[in-house]
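Read the figures in this text as sums done on the coordinates, not as results from a lab. This is a predicted model, so every value here is computed, not measured. So basically every Cβ, Gly included, is an ideal-geometry build from the backbone, and we count neighbours across all protein chains shown.
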Amino acid sequence: MSRMLVTGAAGFIGSHLVDRMLDEGVEVVGVDNFDSFYAPRIKRRNLERARSHPGFRLVELDLCDFDAATRLVLETRPAAIVHLAARAGVRPSIEHPLRYTEVNVSATTTLLDAARRLDPMPRFVFASSSSVYGDRPDAPFREDDRVDHPISPYAATKKACELIAHTFHHLYGLPVTGLRFFTAYGPRNRPDLAIAKFANLIEQGRPIPMFGDGTTRRDYTYVGDIVDGVVRAAERCKGYHIYNLGHSEPIELREMIAVLGRALGKEPVIDRQPEQPGDVRQTFADISRARGELGYDPSTPFEVGLDRFVSWFRSR
Ligand SMILES: NC(=O)c1ccc[n+]([C@@H]2O[C@H](COP(=O)([O-])OP(=O)(O)OC[C@H]3O[C@@H](n4cnc5c(N)ncnc54)[C@H](O)[C@@H]3O)[C@@H](O)[C@H]2O)c1
């Protein structure tokens, strides 16, 4: 049985990955510090299923305790590390830039440096983000586009992770894959993301703050499809690669709100607000590289994924 170390295991994407790996018979060591970015009880609930599985071990650890994080990697000796722990969120990164560099960049560097000391070295897969593409009119976004102009501290930290990961690959031959996720959604949706926030407001009959004129677009990607891409990347990780994991069908904000309203069976009330600093006008993934090299095939239509989100949302 192979062993995988998953950081951010209690989070939205991490907990789905953990469940999926346990189903596949992989032994999983999950790391999380139940950070207060959103309610820790939500994260504990995300791991309810995993915690009763004999193949799962949870380590509660702040990856910014660099010595402890290094020890954990060296003692666990995983075949693969999937590093998803991070401070997520674009807008809060503008308020707390230092916290973002500490968690996202320094913790990532620590894990890379621990990984390269193992013999054999583990495959190292980490979460980057579509935000590295910055605010650009040309789309879809391709992995070989220049990404030198991030517009939020969060985006800059993700780009920094790609650079430092490349360095470790170059210096030590560590096999590394960086995955640029495009707005994941679905069951266990992060509560700070628009779909979950808006669902709560629509349910309560309260107005939805819509930033801008509703024509900004996001390439919403069903979490199950993203996890499928992560698993494929972890299986095939060698050399140094970056992949977009998106759906490649961007949806306008006003359309997302309308579909969400229909899925909830309620008419959304919209409160128009000015555009937010740090937000990009569109995200749109070209996924031909991930399709060709990983066999990644995101197949969940937005309406279907939203219905699954709503079923989960109502079941809580
Ligand atoms: N959800 C998206 O749409 C999306 C898009 C692009 C990139 N990403 C990236 O994917 C990854 C997973 O995102 P998510 O949406 O599941 O976020 P999430 O916030 O639900 O999960 C992140 C987890 O990391 C943990 N964590 C944070 N700091 C930590 C620390 N110092 N030590 C240990 N654990 C820590 C948190 O407690 C949380 O459970 C992140 O790296 C994020 O930046 C997500």
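Residue pairs, Cβ under 9 Å, 6 or more apart or interchain, first in segment 83-112 and touching a residue at least 24 places away in the same chain (Cβ under 8 Å) and on the phi > 0 side of the Ramachandran plot, second of a type in the set (Asp, Glu) and within 9 Å of the ligand (Cβ to nearest atom). List them.
GLY89/ASP192
Consider VAL132 carefully, then state whether it is more than 19 Å from GLY11 (Cβ to Cβ) and within 17 Å of the chain's Cα centre (by Cα).
Answer is yes for this residue.
Counting only residues that are surrounded by fewer than 18 Cβ atoms within 10 Å (Cβ to Cβ) and among the hydroxyl-bearing types (Ser, Thr, Tyr), which one in segment 155-175 is nearest to the ligand (Cβ to nearest atom)?
Only one residue tops the list, namely THR167.
Condition first: buried (at least 18 other Cβ atoms within 10 Å of the Cβ) and of a type in the set (Phe, Trp, Tyr). Now tell me which residues in segment 184-239 satisfy that.
TYR185, PHE198, TYR220, TYR222
Taking segment 254-296 as the search range and keeping residues that are polar (S, T, N, Q) and buried (at least 17 other Cβ atoms within 10 Å of the Cβ), which one is farthest from VAL227 (Cα to Cα)?
By that ranking, first place goes to GLN282.
Suppose we filter GLY178, GLY214 for residues that are more than 23 Å from ASP23 (Cα to Cα) and either assigned to a loop (DSSP other than H, G, I, E, B) or away from the ligand (no atom under 16 Å from the Cβ) (or both); which single one remains?
Matching residue, one of GLY178, GLY214: GLY214.
Let me confirm something: among ILE195, ILE202, which residue is assigned to a helix (DSSP H, G or I) and within 11 Å of the ligand (Cβ to nearest atom)?
ILE195
Tally the residues that are outside any helix (DSSP H, G or I), surrounded by fewer than 14 Cβ atoms within 10 Å (Cβ to Cβ) and within 15 Å of the ligand (Cβ to nearest atom), restricting the search to segment 20-74.
3
Only one of these is without any contact (Cβ under 8 Å) to a residue 12 or more places away in the chain and of a type outside the set (Ser, Thr, Tyr): ALA79, ALA68. Name it.
After applying the criteria, what remains is ALA68.
Here are the criteria: (1) over 21 Å from ALA10 (Cα atoms); (2) of a type in the set (Lys, Arg); (3) crowded, with 24+ Cβ neighbours inside 10 Å. Tell me which single one ARG180 does not satisfy.
Unmet condition: (1).
Answer yes or no: is there a residue in segment 23-34 that is farther than 18 Å from TRP312 by Cα, among the aromatic types (Phe, Trp, Tyr) and touching a residue at least 60 places away in the same chain (Cβ under 8 Å).
There is no residue in segment 23-34 that is farther than 18 Å from TRP312 by Cα, among the aromatic types (Phe, Trp, Tyr) and touching a residue at least 60 places away in the same chain (Cβ under 8 Å).
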